[in-house]
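A short write-up of the structure that comes next.
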Amino acid sequence: MTSHISEEQFVLFYYGESAEAAGIESHMAECEACRSEFRTLQLVLNTVDSAPVPERNGEYAKAVWHRLEKQLAGRKRRGFMQWWIWAPAMAALVLTAFLAGRWSHKNDPQVATNQQIRERILLVAVGDHLERSQMVLAELTNAADGKGKLDISGERQSAEQLLGDNRLYRQTARSTGDTAVASVLDDLERVLLEISHSPSEVSSDQLDELRQEIESRGLLFKVRVLGSQVRQEESKPVSEKEIRKL
Amino acid sequence: MEVEAGGAVERARSGDSDAFRLLVEQHSRAIFRLAFRMTGNEEDAEDVVQETFLRAYRQLDKYEARSSFSTWLYRIASNYSLDLIRMRKRHEDKRERGSSAEDRDILQSIPVDSPGPDRLLYGSQVKDRVNAALNELSAQERTAFVLRHFEGHSIQEIGEALGTGANATKHSIFRAVQKLRKSLEPLVGPA
C-alpha cells in the first residue's frame, strides 16, 4: 500500500471489517501521518463511548414484564370470532369471487344475477370497512387531551388490520377505473399506516400530529360520505341496480 | 443463554406466558440500552422496550431460528426506534420552523476550549457534547452507527436487519463517523 489510507479504510479497519487489514498495518508502520490520523479517529470513537446510558437495576426486567403482562392478557382473550381475524380473509375471498365473475363472464346474461350478488356482497364488505375505519379516525380525532400519555393500542391494532383490506379495495377500485373511490382509499391508507406505525401510547403532541394528518386531508368527512354512498347503494333492490363498477 | 432462550421461544410460541416472561426478563435491559443509544432519551427508550416486546409477541410465529432471538429482537427494536426518531424529527422540524439557527445549534453553545482535555474527557461537558453530536446524525446514520459501534454487529448483519443492504449501511456509518469527528475532534485534539 503506497498511497495514504482513506478515512473509509480507517473506519473499516477500526471496526475489524477491513479486507486489507494487513496492508493498512504495514503502511502505518512506516507512515507517521497515517498513524496520527488513525490515533485521532481512535480518540474520537473512544470518546463516543463516554456517552452515558442510564442504569436499570435488577428489578427493571420485572417491571417491564409487569407492564407488558396487562397488554398481553388483553390480546390473549381475543377469540376466533374477532372481526380482524376473519375480515381480511373474507375480504380476499369476496374480491376474488367478484373479480373472477367480472372477468370470466363479462358478456354472459345468465350470470348477471350472480355478478350482482357478488357486487352486493362486496358493497357490504366495503361498507363495513369504511364504517370501521371511520370509527378509528373518529376515536383519535375525539380523544381527550391530557398531560400524560394516551393509550391508542386498540386503534393502532385496528388500523393494522384495516390496512390489508384497504389495500385490496383500493387496488380493485383502481383496476376497475373508479378513481374517486381509489383516491379516498389512498388517503385512508396513508393515515392508517401512520396510525399503525405509532407507539401504543402517544403524547398529546403525537396525538395532535395524527389529528392534523386526518384533518388536513378532510379524511373523516370523505370516508363518511363514501360510506353513506355505499350504504345507499347496498339498500337498493338488486333488480334495480345497474351492473356497475365499484 | 441462547440455548435457554431457544427453548423459551418454542414454549412461548405454544402459548406459555412464563416462557415469554423469561425472554422479556432476559433481554429487556439490553433492548433498553440499545433504544436509549438510538433515541437519546429515557422516555422514548422505555417506549421502544415496551413496543419491541409487544411486536415480538405478536410476531413470534414469524421468528425463524436462523438468527438468534436477540438479533431478531434487536431488529424489531432498531426498526421501531428508526420510526420513532423520524416521527420525532418531523414533529421537531415543524416546531422549530421559524426559530433561529443559533437556537438550534446545541453544539455551538458548549464551550470547548476552557478546561484541559484530560478533565473534559471525564466531565459532563464531554458527555453533553457526545450526546449532542449523536443527535446531529440522521436516523439512518445513528441506527447504523449504534448497532456497529456499541452493539458490535457486523455491517452485513446491520444491512440485513435494517433492510438497507451492506453498501448503504457502510456509507451511513462513514457519514456518521465523519460527522462525529467534525463535532468531537476539537475536544480530543489532534493525536
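No value in this document is a laboratory result; all are computed from the given coordinates. It should be emphasised that the depicted structure is a prediction, and the values quoted were computed from it without experimental measurement. Cβ coordinates were reconstructed from backbone atoms using ideal geometry, including for glycine residues, and neighbour counts include every protein chain displayed.
Structure notes:
- Cβ-to-Cβ counts within 10 Å put B:H149, A:H129 in ascending order as B:H149, A:H129, the fewest first.
- Ordering B:S78, B:S154 by the number of other Cβ atoms within 10 Å of each residue's own Cβ, fewest first, gives B:S154, B:S78.
- Distance between the modelled labels on A:S183 and A:S36, one decimal in nanometres: 6.5 nm (7 Å Cα→Cβ projection).
- The fewest-to-most ranking of B:K127, B:K170 by surrounding Cβ atoms within 10 Å reads B:K127, B:K170.
- Computed from backbone phi with θ = phi - 60° and the Karplus coefficients 6.51, -1.76 and 1.60, the 3J(HN,Hα) list for the stretch A:29-34 is 4, 10, 10, 5, 4, 6 Hz; x is used for glycine and proline.
- For the set B:K62/B:K127; A:K62/B:K179; A:K62/B:K170; A:K62/A:K149; A:K70/B:K62; A:K149/B:K179, the pairs lying more than 31 angstrom apart at their alpha carbons are B:K62/B:K127; A:K62/B:K179; A:K62/B:K170; A:K149/B:K179.
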